[in-house]
Amino acid sequence: RSIPQGSPSSIPRSTGSGPPAASQRRHSPRASGRGGQKCPLAPREAAQLVAQTADAIEYAHCHGVIHRDLKPANILLDTDQRPHVTDFGLARQIDVAEGVTATGQVLGTPAYMPPEQAQGSSTVGPSADVYALGAVLFATLTGRAPFKAATVVETLHQVIECGQPALRTFNRAL
């Protein structure tokens, strides 16, 4: 099934009902508008998608799991357009006493991680996933990640040193 214009293909669609299998992911380019700019979703559609994704993340948190790598590529849509969070490869159990995970390393996708995770903080908690949900919402509304640089190191620098860019910088319709 083709991806309609305005839907980011980094939120792949599956071909069956229920949670999609990893083998059903699509990696085709997003639909593009003028100048090759990636097309954002309508605000209501973006909000609904992220709200449903937030419900899934809340469920994980209630069961002691932090995802730590939430991004559009890790959210699959089934044929009914319901999102399913995937790729729990960096997920960790929340330390019940601390409410955080301890890694001491920078793990995850820099463009979607909060500053404390980008700094390699030894305490990354559920708030990191909440921040990433905001970054996913930013991407669905603008067609791009909130932070984007030529290298991973430069992206990490932007995450740590620069404030979140304004949505209207990338989508004047908002």
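Values quoted throughout were computed directly from the atomic coordinates according to the rules given, and no laboratory measurement underlies them. Computed from a prediction, not measured in an experiment: that's the story for all the values here. Reconstructed Cβ throughout: ideal geometry from the backbone, glycine too, with neighbour counts over all protein chains shown.
Quick one: is G108 crowded, with 19+ Cβ neighbours inside 10 Å and in contact with a Cys (Cβ under 9 Å, 6 or more places away or on another chain)?
No.
Results for (1) charged (D, E, K, R); (2) buried (at least 16 other Cβ atoms within 10 Å of the Cβ); (3) outside any loop (DSSP other than H, G, I, E, B), shown as yes or no for each residue.
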position: G120; (1), (2), (3): no, no, no
position: Y131; (1), (2), (3): no, yes, yes
position: L137; (1), (2), (3): no, yes, yes
position: L141; (1), (2), (3): no, yes, yes
position: F147; (1), (2), (3): no, yes, no
position: V153; (1), (2), (3): no, no, yes
position: L156; (1), (2), (3): no, yes, yes
position: G163; (1), (2), (3): no, no, no
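Of (1) out of contact with any Pro (no Cβ under 9 Å at 6 or more places or on another chain); (2) part of a helix (DSSP H, G or I), S127 satisfies all except one. Which?
The single condition S127 does not satisfy is (1).
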